[in-house]
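Note sheet for the following structure.
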Amino acid sequence: MKDILQKITATATAKFGANYAEARAQQLAKTMFILKEERVEAAKQGIESGVAIRVLVNGAWGFASVGSLDSSILEEAVSDACRMAKLVSQRLKTPIKLASAPTVEDHVHAKPKKNPHSIAMEDKIKTALVINTASLGFDSRIKSCGLDYMDLMGTNFFVNSEGTSIEQDKLYVWARITASAQAEGTFTFSREEIGSTAGYELFDDQPPEELGQKVAQRAIEQINAKPPKGGKAPVVLGPNVVGVFVHEAFGHLAEADLALSGGLLDSNMGKKIGSDLVTFYDDGTLEGAFGAFKYDDEGVASHKTLLIKDGIVSGLMHNRETAQKFNTQPTGNARAEDFRVEPIIRMRCTYMAPKDQTLEELLEGIKDGYYFKSFRGGQASLDGTFQVGIQEGYEIRNGEIQAPVRNASISGNTLETLHMVDGVGKDFTIDPGRCGKGQTAFICDGGPHIRVSEVIVGGSA
């Protein structure tokens with residue numbers, strides 16, 4: 001494969017005049033299925049393979065992808081990509097330049113204890129059925145349970161015209177479990193997402209029956225819960241909610257391409273935008289984390305990237321193109337969903353750094369507030385406004401966690417909210433997830449428990 005990709009990049013530069021060329025190839029075995037109410041609704045298993053070609057000609061990108069290793073087809077794709085770049089360059093006001101990156105030759109191996117592709121589809125479905133049955137049998141008020149499962153394992157190859165050559169194994173095992181409950185006209189919903197880059201031993205670490213019961217119990221607990229009182233209130237956020245807040249409310253703003261598109265961080269570099277307790281990282285080096293990897297899809301080594309230090313904006317996530325524009329180094333955040341698309345700047349493992357307080361200390365002093373433990377969904381805008389839905393929350397009364405609340409949310413302005421952080425725990429948890437930005441990327445996020453002195457809580461008037 002290396003020889004084929006090197007020939008592609010050499011053809012792009014020598015024959016078609018590319019200033020820079022890179023070729024990515026993948027050979028991945030993939031399994032997917034959907035289970036609902038103990039029935040398999042869809043299942044798919046197969047091999048995905050193909051080649052992506054990206055060239056830089058006269059300061060403009062050209063891109064082509066093919067599902068073939070045939071030399072004549074690949075040469076035609078190289079020709080198409082270079083022709084596209086030349087056409088684009090004629091209308092380009094500012095030529096694209098790339099920050100330098102070290103030349104690398106490496107082979108990164110995955111070493112699962114349990115290789116997911118040595119396990120039969122029937123056995124994977126049996127595991128999913130245990131989760132499904134445990135959830136449906138937890139309580140008669142559980143009305144539905146669904147499970148989406150996916151695993152993939154294989155190898156990505158990367159070669160560029162600068163001499164970099166990387167062979168990198170990929171391994172993901174992922175599942176999302178959902179449950180809904182109904183009683184006396186009240187409907188509730190619960191979900192849990194799990195993922196691993198280690199192997200199928202994920203289901204040893206998180207036993208299937210316990211997963212099913214956990215999702216069901218959360219749905220049942222919400223039936224008798226009341227909506228929170230709407231308005232501003234102090235809150236304690238669990239790591240699961242902190243993670244989605246960091247990811248949605250700040251992380252996307254710290255992707256350099258979005259910062260250049262009008263995000264508020266472009267004008268706030270080096271400025272204080274949060275309390276002294278706020279330190280954020282995007283880290284691709286966390287061993288075994290769902291968003292971690294050794295090299296990105298530009299062949300750049302993954303970094304631990306400091307985004308905020310003690311409330312001060314300290315950095316952004318970069319690919320080679322944006323790093324050149326900001327006169328800095330690429331951070332290893334260029335990621336492509338597969339060979340069919342170009343790499344773009346994506347988060348990896350985005351989290352808030354822990355400090356020194358216990359959960360009990362964070363709760364102290366809150367006379368009337370809320371503890372939000374896990375999230376339902378989240379979204380944010382480039383102007384810094386955000387909203388995060390809560391699927392598991394509780395009242396705080398006189399420093400104690402009390403009755404559950406449902407249909408809650410938090411919202412506000414990111415910068416204002418970061419200034420309101422007045423307590424940060426010493427615990428630390430990260431959770432796996434998926435992020436959409438035109439492409440789907442596997443990520444994780446999290447942090448410690450934190451206290452926010454005031455945030456807008458959505459609920460009843």
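Bear in mind these aren't lab numbers, they're just calculated from the coordinates by the rules spelled out. Please read all numbers here as calculations on a predicted model, not as lab measurements. Quick reminder, even Gly has a Cβ in these numbers, built from the backbone with ideal geometry, and neighbours come from all protein chains shown.
Loop-located GluC sites (Glu not before Pro) across segment 174-218 with a Cβ neighbour count of 15 or fewer within 10 Å are Glu184, Glu201, with loop assigned by DSSP. In whole angstrom, note down how far apart the Cα centers of segment 262-312 and segment 135-178 are. Value for the Cα centre distance between the two parts: 24 Å.
I want the local charge near Glu400. Using Cβ-Cβ distances under 14 Å, sum +1 for each Lys or Arg and -1 for each Asp or Glu among the other residues.
-3
The mean sequence separation of alpha-carbon pairs under 8 Å and at least six residues apart, normalised by the residue count of the chain, gives a relative contact order of 16 percent. The 3J(HN,Hα) values that the Karplus relation (6.51, -1.76, 1.60; θ = phi - 60°) gives for segment 361-369 are, in residue order, 5, 5, 6, 4, x, 8, 7, 8, x Hz. Gly and Pro appear as x.
I'd like to compare 118-125, 6-13, 235-242: which one has the highest average count of other Cβ atoms within 10 Å, and what's the full order after that?
Numbers: 118-125: 12.9, 6-13: 20.5, 235-242: 25.9.
Listed from highest to lowest mean packing, they are 235-242, 6-13, 118-125.
Using the rule -39500 (n - 2.57) for each DSSP H run of four or more residues, divided by the residues of the chain, the 222 nm mean residue ellipticity is -6000 deg cm²/dmol. The Lys272 and Gln6 beta-carbon pair, evaluated with R₀ = 51 Å, returns a calculated FRET efficiency of approximately 0.60. Along the axis of the charge dipole computed for the chain (Cβ charges of +1 for Lys and Arg, -1 for Asp and Glu, origin at the Cα centre), the listed residues Met317, Leu260, Ser144 are led at the positive end by Leu260.
Length available on full extension from Asn224 to Glu184: 0.36 nm per residue minus the Cα-Cα distance, which gives 13.4 nm. Annotation note: GluC sites (Glu not before Pro) in segment 253-351 located in DSSP loop regions with a Cβ neighbour count of at most 14 within 10 Å are Glu287.
For Asn58, nonlocal amide neighbours, meaning residues 5 or more places apart or on other chains whose placed amide H falls under 5 Å from its own, are Asn19. Computed from these coordinates, which is Rg and Dmax of the Cα atoms in Å: [x] 23.7, 74; [y] 30.6, 101; [z] 32.2, 100? It is the one labelled [x]. Simple spin-label estimate for Ala403 and Thr133 gives 3.8 nm between the two label positions (7 Å along the Cα-to-Cβ direction from each Cα).
Close amide H partners of Gly238, meaning residues 5 or more places away or on another chain with modelled amide H under 5 Å apart, are Phe372, Lys373. Rounded to whole numbers, the Karplus 3J(HN,Hα) couplings from phi for segment 336-348 are 10, 4, 6, 5, 7, 10, 7, x, 10, 6, 9, 6, 10 Hz, using 6.51 cos²θ - 1.76 cosθ + 1.60 with θ = phi - 60°, and x at Gly and Pro.
Couplings 3J(HN,Hα) of segment 220-233, computed from phi: 5, 4, 7, 4, 8, 6, 10, x, x, 6, x, x, 7, 7 Hz, in residue order, whole Hz [Karplus 6.51 cos²θ - 1.76 cosθ + 1.60, θ = phi - 60°; x for Gly and Pro]. Between Lys36 and Ser100, the FRET efficiency estimated from the beta carbon spacing at R0 = 56 angstrom works out to 0.65. Taking the Cα centre of the chain as origin and assigning +1 to Lys and Arg Cβ atoms and -1 to Asp and Glu Cβ atoms, the resulting dipole is close to 940 debye. Between His109 and Lys232, the FRET efficiency from the beta-carbon distance, with R0 = 56 Å, is close to 0.60. What is the distance in Å between the Cα centres of segment 385-453 and segment 340-364? Answer, in whole Å: 10.
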